[in-house]
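Following: one structure in structure tokens, then a few remarks.
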Amino acid sequence: MPHPTTLHVVGAGLAGLAAATAAARTGIRVCLYESASHAGGRCRSFFDDKLDRLIDNGSHLLLGANKIALSYARATGGIEAMVPAPRRFDFFDLADQSRWTVSPTRLPAGLGEILRALGLPWTGAEASVADRLGQSPGFARFWKPLCEAILNTTPEESSARMFSWTMRRALLGGAPALSPWTFPLGLSAALVAPALATLGSFGAEIQFRHRLIGVTAGRLDFDEDRSVILGPHDRVILALPPWAMGSVLPGWDLTLPTRTIVNAHFRLAHPAILPQGVPFLGLVNGYGHWLFPRGDVLSVTVSAAEGLVDRPADEIAAILWGEAASAIGLSAADVPPARVIKERRATLAHDPATIRRRPGPETSIPGVYLAGDWLRSSWPCTIEAAISSGLYAAQRALGQKTLSFGR
């Protein structure tokens, strides 16, 4: 394949940033386009006027098992805005007020459960996580919250094969694979701003407020009658969500079901501190799934939130504050100022049928490739999947199979 003259990347979410960063580091000319006025997509920080604080649109963790995402953070310098947390996962049961800790040496499950979670001895293609683990003693306290956090899909729907693949990466990777990394300065400080700075240092062109409306073999058409003529050796990566593809890519007729995440951010009158000073806390037997403190803001994440998302924001805030207050020993009577963020299409549904339909990076147009956490991958729709897909798309577009974020 002739060496590309320019790589055009459309979409400045994590997949697009990863693709652009990997390519720019090779010395190729990179042009990055984004329809919004900012980068980061569904994984970014912003200043909230109601809370008068910088918050993330959703709370996230990385694990040591997320090797591509961590290599991206190291390559851009974003790792300096991340903090490795102790190898422990603390939980609180909202039903009976009990607490427990999970660590690489202390799993709340027997050997038989762990083997089933790892997919052994064999897991059927149509099996759900509930089919494999629903009757096990550790299901409610461990496997269910893990499944919903990782796959953002209920255990009754979730693919047991995908869940077991992620469990093998985590549980068989030794203690380092289970090392959490947190974002005390926000997602943008670690994953977005450093990538933009890296792109700038390599001379990449970044154009915001450019919404793609069509792509052909020779041209990118943007709104406001703006077009980019593609050279014969130019390559294009479309790092867009699946629901945007039908309006820009000829012949696209794929519809993939999605699942919701709800986040509530509460500004307290004092620093938000979890019991024993842990950096995050898992909740079971309630609506909320995870608590994350940052300064005087306490954030609650609800995965697979279809049963909550249609309620009014004030009602959601009251419910989640009641649970959070119970977990950290505060009064639930007065709900602090809150910002509720509903991501109705946060991820794909990770059921077996949807997973089988995830497309690869190729398109019907030569030289045009796709990137995004929703593409075919062993990983579910996560930060790791987004960054990995961007790297893989850059490898394909540039014809460099060994391209990486390594120095």
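The values are calculated or read from the model by the stated rules, or taken from the named source; none is laboratory data. Since the model is a prediction, treat every value here as computed from it, not as a measurement. Heads up, the Cβs are rebuilt from the backbone with ideal geometry, glycines too, and the neighbour counts pull from every protein chain shown. The protein model used for the area step is the full one, side chains on, heavy atoms only, and it has no ligands, DNA or RNA in it. Shrake-Rupley method; radii C 1.70, N 1.55, O 1.52, S 1.80 Å.
Quick notes on this structure:
- Under 29 Å of direct C-alpha separation, and excluding same-chain neighbours fewer than eight residues apart, Lys401 reaches these lysines: Lys67.
- Note that segment 105-173 shows a convex hull volume over its alpha carbon atoms of 79 Å³ per residue.
- Computed over segment 120-261, Cα set: Rg, Dmax in Å: 21.4, 60
- Note, ³J(HN,Hα) from phi for segment 302-317, Karplus 6.51, -1.76, 1.60, rounded to Hz, x at Gly and Pro: 10, 8, 6, 8, 4, x, 10, 5, 7, 7, x, 4, 5, 5, 4, 4
- Apportionment of accessible area to carbon and sulfur, the chain, percent (1.4 Å): 54 percent
- Placing +1 on the Cβ of every Lys and Arg and -1 on the Cβ of every Asp and Glu, with no other charges, gives segment 105-173 a dipole of roughly 320 debye about its Cα centre.
- Dipole of the chain, positive direction: furthest Cα of Thr123, Thr258, Leu291, with charges on the beta-carbon: Thr123
- Residues of type aspartates and glutamates that Lys342 reaches as a straight line, Cα spacing below 14 Å, ignoring anything fewer than 8 places off in the same chain: Asp56, Glu306, Asp310, Asp314, Glu315
- Over the chain, volume per residue of the alpha carbon convex hull, in Å³: 142 Å³
- Global form of segment 247-296, assessed from the alpha-carbon gyration tensor, a/c cut-off 1.5: prolate
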